[in-house]
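The values are calculated or read from the model by the stated rules, or taken from the named source; none is laboratory data. None of these values were measured; they are calculated from a predicted model. Cβ: placed from backbone, ideal geometry, glycine included. Neighbour counts: every protein chain shown. These area figures cover heavy atoms from the full protein model, side chains too; ligands, DNA and RNA do not enter into them. Shrake-Rupley method; radii C 1.70, N 1.55, O 1.52, S 1.80 Å.
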Amino acid sequence: MTTQAPIAKGQPPPGMANLDHWSSRPVIALLATGLGSGFIRPYSGTWGSIPAVLLAWGMQRLGNDWLFVATTIAMMAVSVWVASQAEGLFGHDSGRIVIDEFAGVFICYLGLPADAWVMIPVFVL
């Protein structure tokens, strides 16, 4: 016979979003879920990477390598903070949180040309 630990009052069940926090922290929720792409199933991390690839491609098309490096560093810092804040909304290590995929995509594209023949294989890998 197994018993489950009771859920503390005010705490969401494991893996479930706390809707009160969702409505009170919409910016964190939108950033953490990659503008909602983290809700697409299956493979939310892969779906969450697609907007990041498009954003990285657009940033690289500007032709300013230093801006892309600065954006990558900022993306890493923001993703750590947003993901830690979003754990209160979605639970620890939720598949809905895909902001870390954004940072990973930007890191992968550092120093690479903004060409589809490069960016698509890097995304697949």
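So, in nm, how far is label Val78 from label Leu54 when the simple model puts each one 7 Å beyond its Cα toward the Cβ?
Here the answer is 1.6 nm between the modelled labels.
Can you compute the FRET efficiency between Ala114 and Arg41 using 1/(1 + (r/R0)^6), with r the Cβ-Cβ distance and R0 = 30 Å? Round to the nearest 0.05.
Result of the calculation: an efficiency of 0.50.
May I ask you to give the percent of accessible area on region 28-111 that is carbon plus sulfur, with a probe radius of 1.4 Å?
In region 28-111, the share of accessible area belonging to carbon and sulfur is 70 percent.
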